1. How about the stretch 15-40: which of its residues are modelled with pLDDT under 95, more than 18 Å from L54 (Cβ to Cβ) and either surrounded by fewer than 19 Cβ atoms within 10 Å (Cβ to Cβ) or touching an Asp or Glu at 6+ places or on another chain (Cβ under 7 Å) (or both)?
2. Would you confirm whether or not the stretch 10-21 contains a residue that is outside any strand (DSSP E or B) and among the aliphatic types (A, V, I, L, M)?
3. Which residues, taken from the stretch 98-141, are in contact with a Lys or Arg (Cβ under 9 Å, 6 or more places away or on another chain), of a type outside the set (S, T, N, Q), assigned to a loop (DSSP other than H, G, I, E, B) and buried (at least 17 other Cβ atoms within 10 Å of the Cβ)?
4. Do we find a residue being exposed (fewer than 14 other Cβ atoms within 10 Å of the Cβ), farther than 30 Å from M1 by Cα, in contact (Cβ under 8 Å) with a residue 40 or more places away in the chain and not aliphatic (A, V, I, L, M) anywhere in the stretch 145-160?
5. Before we move on, is R188 modelled with pLDDT under 85, over 16 Å from F100 (Cβ atoms) and either of a type outside the set (K, R) or more than 15 Å from the chain's Cα centre (by Cα) (or both)?
Amino acid sequence: MDLKLNYFLKRSSANGPGIRAVIWMQGCQSHCPDCCNPQTHPIHKGYRISVKDLVQEIKMLGRDVEGLTISGGEPFLQAEGLNNLLQEIKQKTSLSVLIFSGYEKPTLDAVPLYCACMGNTDALICGPYQRNVQPDFSHFCASGNQKLFLLSSRYQKKDFSDLITNEIFIQEDGTIVISGLGTIGGIR
């Protein structure tokens with residue numbers, strides 16, 4: 001089973017509690033105005049990686065990585081592969097899982113495969129990004145209409161307040177990666 005990714009960042013402090021690996025899935029049909037990751041929208045872009053190979057990369061990250069954040073694009077557009085990945089992560093690692101989705105929770109709850117994904121997820125931040133709605137950084141939401149749902153006992157809502165919301169990395173090849181909630185233009 002393959003997934004189509006836009007980018008994989010091995011260490012981040014601006015994508016949820018603790019140090020996290022971050023996967024940006026490729027493909028989104030919502031096209032929210034002023035989305036911080038518009039480069040993740042085209043379904044035909046990005047790169048393919050097998051779930052098996054991605055899990056191997058994630059397992060080699062080291063003990064300082066607390067969790068995995070999955071964003072996009074829209075992760076649930078690749079629900080079958082996402083579910084496969086989440087099952088492997090939960091079986092083979094101790095990492096927490098946080099997913100960002102542009103879908104509303106009732107939409108996610110209505111699809112059995114989406115529910116299966118959420119069954120292996122610790123926290124979900126969902127709802128479309130709305131540029132005219134003030135961020136709710138107390139719940140790590142880029143716009144206040146988005147909601148944080150705790151899907152396991154791993155976290156409490158307070159774990160999502162006072163987090164770093166932006167970071168910049170310069171990769172060895174000179175690529176600049178801008179990551180976090182308040183980014184303009186997202187990953188470069």
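1. C28, Q29, S30, H31, C32, P33, D34, P38, Q39
2. Just the residues of the stretch 10-21 that are outside any strand (DSSP E or B), to begin with: 13-19.
Next, from what is left, pick out any that are among the aliphatic types (A, V, I, L, M): 14, 19.
Yes, there is a match, as at least one residue in the stretch 10-21 is outside any strand (DSSP E or B) and among the aliphatic types (A, V, I, L, M).
3. Matches in the stretch 98-141: D122, G127.
4. no
5. Values: modelled with pLDDT under 85: yes; over 16 Å from F100 (Cβ atoms): yes; either of a type outside the set (K, R) or more than 15 Å from the chain's Cα centre (by Cα) (or both): yes.
So R188 fits the description; yes.
The values are calculated or read from the model by the stated rules, or taken from the named source; none is laboratory data. This one's a predicted model, so the numbers in the text were calculated from it and none came from an experiment. When we count neighbours, we look across all protein chains shown, and the Cβ atoms used for this are built from the backbone with ideal geometry, even at glycine.
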